[in-house]
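Enquirer: Below: one structure in structure tokens.
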């Protein structure tokens, strides 16, 4: 069982410090990077599958700035076996479409049964890159996975895709691209042994040239989108704070709701 | 003057790996250790469940080299873990610290065969090890030790008593310092042995009832003609004093880490209290006298922490001033812990004095960091000597 | 001048997804402002019901019938048709909802056509260089306006931002021939399972009563449910509550959950950290109950009651029940 897990370092969402740089691109140096939340969930799913099968390898794949290996370390410490880091100065400021092409090109060099990706990332929140990668690779795309059940002998996989009323049960032949969600189950914290073992795991670096891609048509210079301007959102009014007994609070809430014609 | 060696890391920040490790231990401390802390203090029972937890999480493997099943033995990594555990429960932090302390003579002076024999089960946490130097009449003055070890054929026979030995009643191995040559100069009288217990002639004769660190058993140990094979001698005869002193150079930061952890835990309780408790129409943290106390507590804790981290890096880099770094960080951290916990009780006012809040326990726990592994006065002697040199 | 397309997403029972009515409204208004034709696209096994619905929003709806659209995942089927249609018709912009199916479609069509994507549009205006798309980023701290460097592209429209409003006149529906070559591999839908626990989609609720870490456990959600029932609303939750297993992921609101915009958001035991705030900050009225007077939610709630959520909740329940007699 060979699984490639796409990992995106993103500005730590808990920091509330993300900002755009002077070029109106995301300033990735403003705030320390962490592994995108959803990526940890799909990595955990991959780890559980490999553990249950008693065999298998998990390769991390990341398109990220040069300092990404530090962020990949946690994912390696969780139990992934190796990493591939695609990095190139020309990739700074890449749009989503470009990112998908680059990751697809990197995947062409790898062998795998499944590619797992977090369904979206906390910085862009677009949710389109995994679908685009699958289309580039001509692979089936199974999204919004809450459960992943491969049948290696039969070379198929079944996925529960979250739906408004419950889930759809999907099936496709391997290899596939799967977009996973938080519903897959909480990621493990790396064990101390895992943390120490991570330092011995290999991270291979690939540039655009290594992937056979021409920087003229890809990356920041060829971005399909651009920020035209920014502004601050309108502020809400002042907060009314109520202290006192629970019944005082309840009374004021009822009054408030009535004033607003909500009840 | 302190000397920076070539292998001293140039950065003042924790590496990603160290941060991950610290955070991993913090999660365990918050989720699994903290809920037990009050009960451990109240019952005074050694928390075997938490000892198993530390073993299962490979935390007890931190002080040991990889080739024997450990996680590398880096001092800063070890101290990061002790600090996080002590933040939740000083007794639990000490389980890790003593495991490191007790094994240091073996790691520093043991033969390959001795290390291969004992370290794997220490790293796995299956065995605990204690450090038995102190005696009733030999506290700060280690050269006043009277426990004797007499060569008899292929064995040594150990007779005497040790006092105030942490984990003395729960350890499987005891590192014992005894006099092998009473006529030698002061610093060459002692030798170091590993005693595997239980064994004939060995007994735990007393367990102390202490002000703090109540879950940690502090034992008086009697050695009544205890036989150990000569193969259990660590280093050569007469090396004992030097081994003990070199041990403290690496173990004192562990106590500093415990102290920093205790201080941080108290600071967090006091800060949280100061943001919730309201008097005179505002939260008490906004009253300047309270704010000033908290600020000083935070600064003292951070200063102790940064000195500790720096000391660990210097000691691991082989600094010739290891004794100075070790003594200094323990001195500063112990005093910080006592001050911060006392002030934490003060911030909580009457609530700080009752068992409902943990700060009174933290204050009682903090005191020992000014006393063991060398009193603060001994630490000052070491620092002064490093500063002024000897009067030759 | 190229047209503006709205690709409709399938709703429950073969109808139209609610987000598509919102997107259609937004794009129709953009069409009026820019003087451009607006066309709806429906791909389905039987497109007639959804097309009829969409035609009450848009002047022209093109339909493509493909039985694979129900036996396989919709986006893979639809993307092939949309990409083929794009090649022959060349619209200036393609809009789709930023829900699960819409995003899947946008990603696939982007890869097939090379068009860029702007996501989570909250407003769109037209400039000489194409659409100017407004988005809220960084957990709501900043609004950006972005465009396509090539003047054309795909836009995903954020749910619960535009209020759907029919056009007043009914547009015409035209069938288009299905494209017989499907460039994307099929993913078979083996089964569609309804789960009893699955509540009505919270994105559509007028009132949401949400519980966070302060609720303390699955049993604690009892008061949340009772208040939701009494107010005729849905139950929501923070990631902390979901991760702790107290409530299903389908009820999660926030960055990794759902974005909602109810008339009333009643937050119980929720601190209001940024990841949650993202999901509900544009609610009509925000009322919060929390023991911690300094919880971040106090900064953006309309009404903040300092107190124990169970005590205040019980008192509130009693008062609400007394009111309704």
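Laboratory data are not the source of any read-out in this text; all were calculated from the coordinates shown. Keep in mind it's a predicted model, so treat the numbers as computed, not measured. Every residue, glycine as well, gets a Cβ built from its backbone with ideal geometry; the counts of neighbours run over all protein chains shown.
Enquirer: Sort largest first and round to whole Å: the equivalent ellipsoid semi-axes of segment C:1-122, each the square root of five times a Cα gyration tensor eigenvalue.
Expert: Sorted largest first and rounded, they come to 19, 17, 13 Å.
Enquirer: Further, regarding this structure: Using mean Cβ contacts within 10 Å as the protection proxy, how do C:52-62, C:141-151, B:136-146, C:108-118 order, highest first?
Expert: C:108-118, C:52-62, C:141-151, B:136-146
Enquirer: Where does each of C:35-45, A:189-199 land if you order them by average Cβ count within 10 Å, highest first?
Expert: Ranking, from highest mean packing down: C:35-45, A:189-199.
Enquirer: By counting other Cβ atoms within 10 Å of each Cβ, how are A:50, A:115 ranked from fewest to most?
Expert: In increasing order of surrounding Cβ atoms, one gets A:50, A:115.
Enquirer: What FRET efficiency comes out for residue C:37 versus residue A:243 if R0 is 56 angstrom and r is the Cβ-Cβ distance? Round to the nearest 0.05.
Expert: E between residue C:37 and residue A:243, to the nearest 0.05, is 0.45.
Enquirer: Also, I was wondering about something else. Please identify, among B:191, B:77, B:319, the residue showing maximal mean-square fluctuation in a Gaussian network model of chain B using a 10 angstrom Cα cutoff.
Expert: Comparing B:191, B:77, B:319 in the GNM, the peak value goes to B:319.
Enquirer: Counting only other chains, what is the mean number of Cβ atoms within 10 angstrom of the Cβ of each residue in peptide A:248-261?
Expert: Across A:248-261, the average partner-chain Cβ count within 10 Å equals 6.
Enquirer: If you don't mind, another one. Starting from the Cα gyration tensor of segment B:1-141, take the square roots of the eigenvalues, sort them a ≥ b ≥ c, and report rounded, prolate or oblate (rounded when a/c is under 1.5, otherwise prolate if a/b is larger than b/c, else oblate).
Expert: rounded
Enquirer: Based on the alpha-carbon gyration tensor of segment C:202-324 and its eigenvalue square roots a ≥ b ≥ c, which shape applies: rounded if a/c is under 1.5, prolate if not and a/b is larger than b/c, or oblate?
Expert: rounded
Enquirer: Can I ask one more? Sorted from largest to smallest, which semi-axis lengths in Å does the alpha carbon gyration tensor of chain B give for its equivalent ellipsoid, taking the root of 5 times each eigenvalue?
Expert: 36, 23, 20
Enquirer: While we're on this one: What percent does the relative contact order of segment B:42-124 come to when contacts are Cα pairs within less than 8 Å and at least six residues apart?
Expert: RCO, segment B:42-124: 35 percent.
Enquirer: Right, next: Please report how far the C-alpha centroid of segment B:337-364 lies from that of segment A:123-158, rounded to the nearest whole angstrom.
Expert: Comparing the Cα centres of segment B:337-364 and segment A:123-158, I get a distance of 55 Å.
Enquirer: May I ask what percent, to the nearest 5, of DSSP beta bridges between residues of the protein assembly as shown are antiparallel?
Expert: That works out to approximately 50 percent antiparallel.
Enquirer: While we're here: Run through the DSSP bridge list for segment A:1-79 and note the antiparallel percent, rounded to the nearest 5.
Expert: Restricted to segment A:1-79, the bridges split so that about 45 percent are antiparallel.
Enquirer: For segment A:204-241 and segment C:100-167, what is the separation of their C-alpha centers, rounded to whole Å?
Expert: So the two Cα centres are separated by 14 Å.
Enquirer: How far, in degrees from 0 to 90, does helix C:74-89 lean away from the longest principal axis of the Cα atoms of chain C, to the nearest 10?
Expert: 40 degrees
Enquirer: Compute the acute angle (0 to 90°) between the alpha-carbon long axis of helix B:376-388 and the principal axis of greatest extent of the alpha-carbon atoms of chain B; round to the nearest 10°.
Expert: Here the helix axis deviates by roughly 80 degrees.
Enquirer: Taking square-rooted eigenvalues a ≥ b ≥ c of the alpha carbon gyration tensor, is segment A:28-142 rounded, prolate or oblate, where a/c under 1.5 means rounded and, failing that, a/b exceeding b/c means prolate?
Expert: oblate
Enquirer: From a point 7 Å beyond the Cα of residue B:306 in the direction of its Cβ, which residues of segment B:60-95 have a backbone N at a distance under 15 Å?
Expert: Answer for this model: none.
Enquirer: For segment C:144-287, what Kirkwood radius comes out of the mean inverse Cα-Cα distance, in Å?
Expert: 18.0 Å
Enquirer: Turning to a different aspect of this structure: Using only the Cα atoms of the protein assembly as shown, what are the Rg and Dmax in Å?
Expert: Expressed in Å, the Cα Rg and Dmax of the protein assembly as shown come to 33.2, 113.
Enquirer: In what sequence do B:195, C:173 fall when counting other Cβ within 10 Å, fewest first?
Expert: C:173, B:195
Enquirer: Counting other beta carbons within 10 Å of each Cβ, put B:187, A:108, C:276 in order, fewest first.
Expert: Listing B:187, A:108, C:276 from fewest to most nearby Cβ atoms yields A:108, B:187, C:276.
Enquirer: Using Cα centres only, tell me the gap between segment B:295-332 and segment C:253-309 in whole Å.
Expert: Between the Cα centre of segment B:295-332 and that of segment C:253-309, the gap is 43 Å.
Enquirer: Here's another thing I want to ask about it. Report the residue, chosen from B:185, B:253, B:47, that carries the largest GNM mean-square fluctuation when chain B is represented by alpha-carbon nodes joined by springs under 10 Å.
Expert: Largest GNM mean-square fluctuation: B:185.
Enquirer: What percent does the relative contact order of chain A come to when contacts are Cα pairs within less than 8 Å and at least six residues apart?
Expert: Relative contact order here is 23 percent.
Enquirer: First measure r as the distance between the Cβ atoms of residue B:111 and residue B:159, then evaluate 1/(1 + (r/R0)^6) with R0 = 25 Å and state the FRET efficiency to the nearest 0.05.
Expert: Efficiency, from the Cβ-Cβ distance: 0.50.
Enquirer: Which angle between 0 and 90 degrees, to the nearest 10, do you get for helix A:37-53 versus the longest principal axis of chain A when only C-alpha atoms count?
Expert: 50 degrees
Enquirer: For chain C, set up a GNM with springs between Cα atoms under 10 Å and report which of C:22, C:195, C:263 has the largest fluctuation.
Expert: Judging by the Gaussian network model, the answer is C:195.
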